[in-house]
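Here's the structure we're looking at; comments come further down.
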Amino acid sequence: MAPEVRKGMPPVKLPRDEFERRYRSRFKDPAFQPLKRELDAIIAAAWDGYANSRKAPVTRKAGPGFSDPDYDISVDWLAARDAILAAQRRHDDSSEPPRVLLINGSPRSEHTCPGEMSKTWRLVKLAEPVFAEQGFAVDILDLSRLASEFGKKIHPCKTCVGTAMPLCHWPCSCYPNYSLDQTDDWMNDIYPLWVAAHGIMIVTPVNWYHAPTGLKAMMDRLVCADGGNPDPSSTHGKHADEAKALELEGWSYPKHLDGRHFAVVVHGDATGAEELRRALADWLTDMSLVQATRTAEVDGYIGYMDAYATSHDALDKDEDFQEETRNAARALACAIELARAGKYQRPDDDIDDPNPK
């Protein structure tokens, strides 16, 4: 008997007047007042898309290679898939230099309200030349741009995997959703960076015992890399009953980032750094990435319990933490080079899984 698709949450559909009120609220700048007629036309078109739930207004037939070639698939999703496939080819090309994705997890930026760069950014810039000096290609993913750059967003994970793993598509097909104005999602640019990389290095502060908002949003949206379905036509989009049936027939839970190495550097000012470092390492390991030795995992405090106003001065003086960051980068570079030379055995090799999925 097929499992029931459970329903019962309160409705969220807006009436026309409330939709229009919310849509108009983004145009409060007096500069838009002379454009009332144009805005009326735009809002009418937006309402039509919302009322008719046009999530993906531009599609084409999926075509060969999909379980249902006649399924109308989003061209946005196809573009994201093509970028991931190209990134995988770069990753697998031994003639290409090894590639590292260096992630700044701090939301602070001198270009918006904080008015000052983050210490995390400085640590990222300490790690970067370690890789460059060894001939690595380095991509820097600066998550502070979510808070300081126009049009940069990471929308929240909708937890499709909680319904059934095959409903979580690789890459994520939840966005863009034009009918709900859920556009400008950065993840379709971020997924190829992870795929192309041989190593990932995350440098981040701890905020209230947890990962900063932007970093956590990216983490949640990477769930599709850990068992996600590369064929949305197999569930005809987001049909929960079809996804449940597929999972119960037997699902392979593909590890789309398997074998990439990682390093983690977490810093704080009072507490929580060790817990976040462990959580990040556990998360990466669960996705089947590989720790680049214990040296590649660093946690500590910069200016412990001192004034925030002098925290950059504290980092200037803390040469030990600076060197630990460089050492984490060196450990990651070494692990990548050994793996590419076929001389690295990952810790879980030749270990049978006692609880295979």
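All of the numbers you see were taken from the coordinates with simple rules; none came from a lab. As the structure is a computational prediction, the values presented were derived from the model and not from experiment. Using ideal geometry, Cβ is built from the backbone for each residue, glycine included, and neighbour counts are taken over all protein chains shown.
Structural remarks
- Looking across the stretch 223-243, the residues that are closer than 18 Å to Asp282 by Cβ and surrounded by fewer than 23 Cβ atoms within 10 Å (Cβ to Cβ) come down to Val223, Asp226, Gly227.
- Of the residues making up the stretch 53-76, those that are within 14 Å of Asn229 (Cβ to Cβ) and either polar (S, T, N, Q) or within 26 Å of the chain's Cα centre (by Cα) (or both) are Ala62, Phe66, Ser67, Ile73.
- Inside the stretch 287-319, residues that are over 28 Å from Tyr253 (Cα atoms) and of a type in the set (Val, Ile, Thr) make up a count of 4.
- Of the residues making up the stretch 180-193, just one is farther than 19 Å from Lys158 by Cβ and touching a strand residue (DSSP E or B) at 6+ places or on another chain (Cβ under 6 Å), namely Leu193.
- Of all residues in the stretch 1-40, those that are surrounded by 10 or more Cβ atoms within 10 Å (Cβ to Cβ) and among the hydroxyl-bearing types (Ser, Thr, Tyr) total 1.
- Test: residue in the stretch 278-296 that is of a type in the set (Phe, Trp, Tyr) and under 21 Å from the mean Cα position of the chain (by Cα): yes
- Residues located in the stretch 127-153, provided they are among the β-branched types (Val, Ile, Thr) and in contact with a strand residue (DSSP E or B) (Cβ under 7 Å, 6 or more places away or on another chain): Val138, Ile140
- Residues in the stretch 271-316 that are buried (at least 20 other Cβ atoms within 10 Å of the Cβ) and in a helix (DSSP H, G or I): Ala273, Leu276, Arg277, Leu280, Ala281, Leu284, Ala296.
- Members of the stretch 205-249 that are farther than 18 Å from Lys158 by Cβ and either among the polar types (S, T, N, Q) or without any contact (Cβ under 8 Å) to a residue 24 or more places away in the chain (or both): Asn207, Ser233, Ser234, Glu249
- All of Arg6, Arg24 fail the test of being within 35 Å of the chain's Cα centre (by Cα) and more than 30 Å from Leu246 (Cα to Cα), apart from Arg24.
- Screening the stretch 160-170 for residues that are surrounded by fewer than 24 Cβ atoms within 10 Å (Cβ to Cβ) and touching a His at 6+ places or on another chain (Cβ under 9 Å) and picking the one that is nearest to Val75 (Cα to Cα) gives Trp170.
- Residue in the stretch 210-224 that is farther than 25 Å from Asp139 by Cα and of a type outside the set (A, V, I, L, M) present: no
A quick yes/no check of all residues on (1) surrounded by fewer than 15 Cβ atoms within 10 Å (Cβ to Cβ); (2) free of Cβ contacts under 8 Å to residues at least 12 places away in the same chain:
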site: Ile42; (1), (2): yes, yes
site: Asp48; (1), (2): yes, yes
site: Val58; (1), (2): yes, no
site: Phe66; (1), (2): no, no
site: Asp70; (1), (2): yes, yes
site: Ala83; (1), (2): no, no
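- Residue within the stretch 77-92 that is over 20 Å from the mean Cα position of the chain (by Cα) and in a loop (DSSP other than H, G, I, E, B) present: no
- Qualifying residue in the stretch 84-103 (condition: touching a strand residue (DSSP E or B) at 6+ places or on another chain (Cβ under 9 Å) and among the polar types (S, T, N, Q)): no
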